[in-house]
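Only one structure is covered here, and it is reproduced in the block below.
The values are calculated or read from the model by the stated rules, or taken from the named source; none is laboratory data. Everything quoted here is computed from the prediction, not taken from an experiment. Glycine also receives a Cβ, built like all others from the backbone with ideal geometry; neighbour counts cover every protein chain displayed.
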Amino acid sequence: MVDPIHAQRRAALLAEMGQGVLVLFAASAAIRNNDVEHEYRQDSDFYYLTGFDEPESVLVLSTIHEQKFVLFVRPRDPERETWDGARVGVDGAVSELGATVAFSISELDEKLPDWLENAERLFYRIGRDRGQDDRVLRAVDRTRPRARRGSSFPTQIIDPATVLHEMRRRKTAPEIELMTRAVDITGEAHVAAMAAARPGMYEYEIEALLRNVFRKHGSERPAYAPIVGSGPNATVLHYHKNNRRMEAGDLLLIDAGTEFDYYAADVTRTFPVSGKFTPPQRAIYELVLAAQDASMAATRPGATVDEVHMASVRVLAEGMVSLGLIEGPVEDAIKEERYKRYYMHRTSHYLGMDVHDVGRYFEQGKPRPLEPGVVITVEPGLYVPAHDDKAPEQYRGIGVRIEDDVLVTPDGHDVLSAAIPRRTADVERACSAETRGNPR
């Protein structure tokens, strides 16, 4: 049965394109080792417009042809399907996906020039894949001689992001439902991790728990490789080994989110492995929490991602001066960016089908205002390396990040991940022996 949501998206995109033809390739399968492939995930743009998750496919959308939705796909192949599973095939591309016409992918080079003929504007992203570029440019070149008989050929090549990514930036109600589901599953995993973590466990045991919860609820895959960093590893922003044995007194930073029907969650929580924050840990944690509160309060229509970021920067800079991490006065610390010694990343990014989702952050060189339907992360942090001899000793080795997923609404914002504990008392309660039912 044809999904009406994808049909509506295609119609909306065609209306925005004006006169022209769009060509979009599916994601390529990637070899992991020898003849074993990495797990396949479809290109987000391709899936957004088709709902189709097979490789070796090409989408053509046209405003100048009667047949507006064209798919080139892998043909049915009983022998290969015995090994790799059923394919939609050419007929299924029409009956199941709603294509007005479909062809075997082997016919792409022959037929693509026909779809580019009389299309002066070609929407195609150059530079991502040289092999794909060559095929498209050869097709363009083959249309040029047809000008002698009165046809025209593409004279403009336009990045489809100019229209497609603007559509994806603002989420519709069905998209928000999927993101909320991804966030809810992610929240259950984070709470389970808080309840299970204890000294003596390895970080990878917690990673396994997270992945189990994700998959148990029908998530196809994590939205990104989970970060499970304990003790000094919590100060490494993109830590990925997840192989340290946790010790009493450690903080554990978990940056992990699942993906549900191609929509991502992105959540970070930091909590004490032993169940209670130490006074220095609490001081750092409460500072990051206050920064996040300030940035959330700044998240509303008309605000910019820069303003959301600077709300965290000001609170963190004030706190760093107060804790003796950096020198004041605060205004100078902000102006000279002294805070970047311990807070070196941005506070927010777009979230959607991609963890770092698409859409412009600037227009004509100026930060772009947020609008209802945009989802961002709000994720301030503070990271004091264990070897930093300029920091007060009690704070060395402490890394804290708190990250939530926030929907911009007409009246302000909605924290999609609000149910996941983040206040210190709630975090300690989630880590408590009573919650786990086991002695710590």
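Worth a mention:
- Which listed residue is in contact with a Ser or Thr (Cβ under 9 Å, 6 or more places away or on another chain) and either without any contact (Cβ under 8 Å) to a residue 24 or more places away in the chain or surrounded by fewer than 18 Cβ atoms within 10 Å (Cβ to Cβ) (or both), from Y361, Y350: Y361
- Scope the stretch 386-399; condition surrounded by 17 or more Cβ atoms within 10 Å (Cβ to Cβ) and of a type outside the set (D, E); matching residues: A391, Y395, R396, G397, I398, G399
- Within the stretch 347-440, strands (runs of 3 or more DSSP E) holding 3 or more residues that are under 16 Å from the mean Cα position of the chain (by Cα): 375-378, 404-409
- Qualifying positions in the stretch 253-302 - on the phi > 0 side of the Ramachandran plot and either of a type in the set (D, E) or in contact with an Asp or Glu (Cβ under 7 Å, 6 or more places away or on another chain) (or both): D261, G275
- Scanning the stretch 13-35 for residues that are crowded, with 20+ Cβ neighbours inside 10 Å and over 18 Å from F52 (Cβ atoms) returns M17, G20, V21.
- Candidate set from the stretch 6-60 (those that are β-branched (V, I, T) and modelled with pLDDT of 95 or more); member that is farthest from F103 (Cα to Cα): V21
- V228 fulfils the conditions (1) touching a residue at least 40 places away in the same chain (Cβ under 8 Å); (2) in contact with an Asp or Glu (Cβ under 7 Å, 6 or more places away or on another chain); (3) hydrophobic (A, V, I, L, M, F, W, C); (4) closer than 21 Å to S432 by Cα except for a single criterion, (1).
- Boolean, K241 is more than 23 Å from G324 (Cβ to Cβ), touching a residue at least 40 places away in the same chain (Cβ under 8 Å), assigned by TED's automatic domain parsing to the domain that holds R423 and of a type outside the set (G, A, S): no
- Screening E318 on (1) without any contact (Cβ under 8 Å) to a residue 24 or more places away in the chain; (2) within 30 Å of the chain's Cα centre (by Cα); (3) within 28 Å of P272 (Cβ to Cβ) shows it passes everything except condition (2).
- Leading residue by the ranking (nearest to D405 (Cα to Cα)) among those in the stretch 287-333 that are assigned to a loop (DSSP other than H, G, I, E, B) and in contact with a Gly (Cβ under 9 Å, 6 or more places away or on another chain): T299
- Hey, V90 surrounded by 15 or more Cβ atoms within 10 Å (Cβ to Cβ), without any contact (Cβ under 8 Å) to a residue 40 or more places away in the chain, touching a strand residue (DSSP E or B) at 6+ places or on another chain (Cβ under 7 Å) and of a type in the set (V, I, T) or not: yes
- Scanning the stretch 95-125 for residues that are within 32 Å of the chain's Cα centre (by Cα) and without any contact (Cβ under 8 Å) to a residue 12 or more places away in the chain yields one hit, S95.
- Condition check for R221 on (1) among the charged types (D, E, K, R); (2) surrounded by 17 or more Cβ atoms within 10 Å (Cβ to Cβ); (3) touching a Ser or Thr at 6+ places or on another chain (Cβ under 8 Å): one failure, at (2).
- Selection from the stretch 197-219 of residues that are without any contact (Cβ under 8 Å) to a residue 60 or more places away in the chain, more than 13 Å from N242 (Cα to Cα) and not in a helix (DSSP H, G or I): G200, H217, G218, S219
- In the stretch 164-183, the condition of being closer than 24 Å to N118 by Cβ, at pLDDT 95 or above and assigned to a helix (DSSP H, G or I) is met by at least one residue.
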